[in-house]
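Report on the structure given below.
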Amino acid sequence: MADLATKKFYIFNQAICKMLGYSRKEFEKLGVRDIHPEKDLPYVLGQFERQSKGAIGENILAENMPVKRKDGSIFYTNISASRVKLAKRMYLMGIFRDITEQRRINKNLEDAKVAARNVLEDLQVEKKSLAYAKAKDEALLASIGDGVVATNQAGKIVLMNKAAGRMLGWSAKQVTGRLFVEVWQVLDEKGNLVPEAKRPVTLALTGKITTTTTTTTTGSGYFYTRKDGTKFPVALTVTPVLVGNKIIGAIDVFRDITREKEIEKLRLDFLSLASHQLRTPLSGTKWLIETIQRGIIGELNPKQKEYINSIYQINERMIRLVSDMLDVLMLESGVTAIKKQEVSVSKIFEELLLMMEPASRDKGIMLCNLLKNHKSFFLETDLQILRSILECFVSNAINYSQSGQKVFLDAKEESDLVVFSVKDSGIGIPKEEQKSIFERFYRASNAKALRPTGTGLGLNIAKMLAEKINAKVSFESQKNKGSIFYLCIPKRSSRGVKEKEKIKN
Amino acid sequence: MNSILIVEDEDFLIRALEDNLTAEGYMVDFAINGEEAVAKIGKKKPSLILLDILMPKSDGFYVLGELKKNPEWKLIPVIVLSNLGEDTMIKQALEMGADDYFVKSQHPIQEVIEKVKDYLEGRKAAKSRP
């Protein structure tokens, strides 16, 4: 209790002394000004002022009031005060309650609340970004131009994107949960139904084939059927979905290649037409000159004969060029189908020698077959392609040798390879030009000088052909000493083919 | 006397063939498209036909088809002379009953004449068409 006028303490209990760290003696000498921090004094004294001016019976409740201990430290109290009249003097009686603990609890509570709010906010941000990510993934998937269909291990569709739905004529809702085999059919290029066990998705799910890919140009194309039963050609990639090593489903990514097929057909038609249109005038020139040369329509004088022969050679060169260029175009467009068969090495050498004999005899060059005892062995490849490559090697060997020289043909078995070689002692390839020798239209300087009529396509075609049958061409050469060209070709095209054969049998 | 029907739309090729075959003593007639060829075969059955594939109106495959239908024409030897060099074309022509196939620009005319002689002088028999 403090005197309203003097602000000195008058009656007080032990608790307040203890609270503030004073003895009773010390506290007796203190007043209101001593127990409040400087900044709060105007408020406190203001309350005394109001009470002294006679607003009677008004209870003051000051919460969170800072109070100063003897040692100067501050703590917080709730003070409830009221005016008391005692022996004609007016006092203000204040009841102090230390709220430090309560404040601490409150603070902890507040902190916890803030923390919780923060966590919540973080969660919400996370949730939003997750939702965004999910929406993004879904949008991505939906907007992929290719069709995407995913199935679970049982072959039930778990996802179908918009493009797939559009192509197949189904909506995702209609097919989700259904077996993929019930939704669309697969036809091979001849239009025959592909049985369930052989469908790419089945192969992926059963782990028989990891990934099936077909493109516009691969031979074995597939067709998919739409909801209405019509079909369209597809290029597809089917892959198993693996978690660890376990197959949990399959993904089929495909697109409609109707347009590409049309373009491919136009391209082929054009090639075919171009080849016909270019060859027709050339063959006319050829045959008419040959008719003149035969003398059916009268004899020519020697000079005319010479010129006619030159014209004939020029025309032959043109025919070769057109034919080689068309071969290149055909090879590049992938039209040339590979037909594998058992090929006897000795037989192909015999044929080759027979075929090249006129050319070698004209040039006075001897063709020698080095194949050991002409003993034969076999390999499985495309006979036509193998023959074309070897023909190219042998005719080069003849063309770039001189009369009286020999050309050697040989073949050796090396583990799972057969290595063919054609060796000559001709003009060779200058070292600095060797790296370019397989380039299209490239001709070595000494080759051009010796034989100006070459097309520069022979080895380029040989290399492309070799790639078609998984073979490799290479050479060793020294200028003026000769060249040796190699063709390394696998005996069996691949294990897969061998197994297929077994199944057939 | 052996008569040969040349079915070919290019005048200069007809002339080259005609000159060479006449020089060998054959009688030569020609048609410039498939329809005309079938009409001429109908009037007078030739001993051998030299047949181009790509021609206006009706092509060589049409002629092969017509020959196959008629039992009297089935055995006429047919040598296709075309500039279509694709394997598929060659295969198709042979399957339809052609006896030989030459890509014109790749063979000297002499080779064609020799082939004609092979058939007409009985050195080679035309295969029977199914």
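The values are calculated or read from the model by the stated rules, or taken from the named source; none is laboratory data. Since this is a predicted model, take the numbers as computed values, not measurements. Neighbour counts run over all protein chains shown; Cβ positions are idealised from the backbone, glycine included. Surface areas here come from the heavy atoms of the whole protein model, side chains and all, with no ligands, DNA or RNA. Shrake-Rupley method; radii C 1.70, N 1.55, O 1.52, S 1.80 Å.
Would you point out which residue out of A:385, A:389 is modelled with pLDDT of 90 or more and in the same structural domain as residue A:353 (by TED's automatic domain parsing)?
Details: A:385 fails: modelled with pLDDT of 90 or more.
Result of the check over A:385, A:389: A:389.
Restricting to segment B:20-41, name every residue that is part of a helix (DSSP H, G or I), within 14 Å of chain A (Cβ to nearest Cβ) and surrounded by 19 or more Cβ atoms within 10 Å (Cβ to Cβ). Lay out the reasoning, then the answer.
To start, the set of residues in segment B:20-41 that are part of a helix (DSSP H, G or I) comprises B:20-23, B:34-41.
Those left that are additionally within 14 Å of chain A (Cβ to nearest Cβ): B:20-23.
Within segment B:20-41, B:20, B:21 meet the criteria.
Looking at (1) within 12 Å of chain A (Cβ to nearest Cβ); (2) under 15 Å from the mean Cα position of the chain (by Cα), find the lone condition where residue B:11 falls short.
Tallying (1) within 12 Å of chain A (Cβ to nearest Cβ); (2) under 15 Å from the mean Cα position of the chain (by Cα), residue B:11 fails exactly one: (2).
Residues A:330, A:325: which one is facing chain B (nearest Cβ under 9 Å) and either assigned to a helix (DSSP H, G or I) or of a type outside the set (Phe, Trp, Tyr) (or both)? Outline the logic, then answer.
Numbers: A:325 fails: facing chain B (nearest Cβ under 9 Å).
The conditions single out A:330.
Could you please give the count of residues in segment A:467-484 that are within 25 Å of residue A:445 (Cβ to Cβ) and either open to solvent by 20 Å² or more (accessible area, probe 1.4 Å) or not in a strand (DSSP E or B) (or both)?
Here is the first cut: in segment A:467-484, the residues within 25 Å of residue A:445 (Cβ to Cβ) are A:473-484.
Filter again for either open to solvent by 20 Å² or more (accessible area, probe 1.4 Å) or not in a strand (DSSP E or B) (or both), leaving A:473-481, A:484.
Final tally of qualifying residues: 10.
May I ask you to say which residue of A:244, A:221, A:229 is under 18 Å from residue A:167 (Cβ atoms), modelled with pLDDT under 85 and of a type in the set (Gly, Ala, Ser)? Can you show your working first?
Working: A:244 fails: under 18 Å from residue A:167 (Cβ atoms); A:229 fails: modelled with pLDDT under 85.
Testing whether each residue is under 18 Å from residue A:167 (Cβ atoms), modelled with pLDDT under 85 and of a type in the set (Gly, Ala, Ser) leaves just A:221.
Which pairs do you get when a residue that is outside the structural domain of residue A:64 (by TED's automatic domain parsing), found in segment A:107-118, comes within reach of a residue that is of a type outside the set (D, E, K, R), reach meaning Cβ atoms under 6 angstrom, with the pair 6+ apart or on two chains?
Short answer, once both residue conditions are applied: none.
For the list (1) open to solvent by less than 90 Å² (accessible area, probe 1.4 Å); (2) at pLDDT below 85; (3) within 23 Å of residue A:63 (Cα to Cα), I need the number of the one condition that residue A:139 fails.
Among (1) open to solvent by less than 90 Å² (accessible area, probe 1.4 Å); (2) at pLDDT below 85; (3) within 23 Å of residue A:63 (Cα to Cα), residue A:139 violates only (3).
Which residue, of A:87, A:115, is of a type in the set (A, V, I, L, M) and loosely packed, with under 10 Cβ neighbours inside 10 Å?
Details: A:115 fails: loosely packed, with under 10 Cβ neighbours inside 10 Å.
Going through A:87, A:115 in turn, the sole match is A:87.
Determine, yes or no, whether residue A:286 is among the basic types (Lys, Arg) and assigned by TED's automatic domain parsing to the domain that holds residue A:318.
Working: among the basic types (Lys, Arg): yes; assigned by TED's automatic domain parsing to the domain that holds residue A:318: yes.
So residue A:286 passes the test.
Got at least one residue in segment B:85-101 being buried (at least 21 other Cβ atoms within 10 Å of the Cβ), out of contact with any Cys (no Cβ under 7 Å at 6 or more places or on another chain), assigned to a loop (DSSP other than H, G, I, E, B) and within 14 Å of chain A (Cβ to nearest Cβ)?
No: segment B:85-101 contains no residue that is buried (at least 21 other Cβ atoms within 10 Å of the Cβ), out of contact with any Cys (no Cβ under 7 Å at 6 or more places or on another chain), assigned to a loop (DSSP other than H, G, I, E, B) and within 14 Å of chain A (Cβ to nearest Cβ).
Every residue in segment B:65-84 that is polar (S, T, N, Q) and within 14 Å of chain A (Cβ to nearest Cβ), please.
Hits for segment B:65-84 are B:82, B:83.
Residues checked against (1) acidic (Asp, Glu); (2) modelled with pLDDT under 90; (3) farther than 30 Å from residue A:377 by Cα:
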| site | (1), (2), (3) |
| --- | --- |
| A:408 | no, no, no |
| A:411 | no, no, no |
| A:416 | yes, yes, no |
| A:419 | no, no, no |
| A:457 | no, yes, yes |
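Of the numbered conditions (1) in contact with an Asp or Glu (Cβ under 6 Å, 6 or more places away or on another chain); (2) more than 14 Å from chain B (Cβ to nearest Cβ), residue A:242 fails exactly one; give the number of that condition.
(1)
Residues that are under 21 Å from the mean Cα position of the chain (by Cα), in contact (Cβ under 8 Å) with a residue 40 or more places away in the chain and surrounded by 14 or more Cβ atoms within 10 Å (Cβ to Cβ): which strands (runs of 3 or more DSSP E) entirely in segment A:189-299 hold 3 or more of them?
Numbers: elements: A:212-214, A:222-225, A:231-243, A:246-256.
In segment A:189-299, the matching strands (runs of 3 or more DSSP E) lie at A:246-256.
Starting from segment A:31-60, keep only residues that are assigned by TED's automatic domain parsing to the domain that holds residue A:86, then list their pairs with residues that are at pLDDT below 80 and assigned to a helix (DSSP H, G or I) whose Cβ atoms are within a distance under 6 Å, requiring at least 6 positions of separation or different chains.
The qualifying pairs do not exist here.
Can you pull out every residue in segment B:95-112 that is touching a residue at least 24 places away in the same chain (Cβ under 8 Å) and under 26 Å from residue B:66 (Cβ atoms)?
B:96, B:97, B:98, B:99, B:104, B:112
Are any residues in segment A:36-75 under 24 Å from residue A:24 (Cα atoms) and aliphatic (A, V, I, L, M), and if so, which ones?
Listed by number, the residues that qualify are A:41, A:44, A:45, A:65, A:67, A:74.
Among the residues in segment A:98-106, are any part of a helix (DSSP H, G or I) and closer than 30 Å to residue A:246 by Cβ?
Filtering segment A:98-106 for residues part of a helix (DSSP H, G or I) gives A:100-106.
Add one more test, that the residue is closer than 30 Å to residue A:246 by Cβ, and what stays is none.
No - not one qualifying residue is present in segment A:98-106.
Keeping to segment B:69-84, report how many residues are in contact (Cβ under 8 Å) with a residue 12 or more places away in the chain and over 22 Å from residue B:118 (Cβ atoms).
Pass one, segment B:69-84, residues in contact (Cβ under 8 Å) with a residue 12 or more places away in the chain: B:72-84.
Checking the rest, the ones that are also over 22 Å from residue B:118 (Cβ atoms) come to B:72, B:83-84.
Counting residues in segment B:69-84 that are in contact (Cβ under 8 Å) with a residue 12 or more places away in the chain and over 22 Å from residue B:118 (Cβ atoms) gives 3.
Can you confirm whether residue A:356 is closer than 17 Å to residue A:454 by Cβ, out of contact with any Phe, Trp or Tyr (no Cβ under 8 Å at 6 or more places or on another chain) and part of a helix (DSSP H, G or I)? Break it down into steps so the answer makes sense when it comes.
On the way: closer than 17 Å to residue A:454 by Cβ: yes; out of contact with any Phe, Trp or Tyr (no Cβ under 8 Å at 6 or more places or on another chain): yes; part of a helix (DSSP H, G or I): yes.
It is true that residue A:356 is closer than 17 Å to residue A:454 by Cβ, out of contact with any Phe, Trp or Tyr (no Cβ under 8 Å at 6 or more places or on another chain) and part of a helix (DSSP H, G or I).
So, residue B:58, is that one assigned to a helix (DSSP H, G or I) and either away from chain A (no Cβ under 14 Å) or among the small types (Gly, Ala, Ser) (or both) or not?
Taking the combined requirement at face value, the residue does not satisfy it.
Within segment A:102-122, track down each residue that is of a type in the set (A, V, I, L, M, F, W, C) and more than 56 Å from the chain's Cα centre (by Cα). Reasoning before the result, please.
Filtering segment A:102-122 for residues of a type in the set (A, V, I, L, M, F, W, C) gives A:105, A:109, A:112, A:114-116, A:119-120.
Residue satisfying the conditions is A:105 alone.
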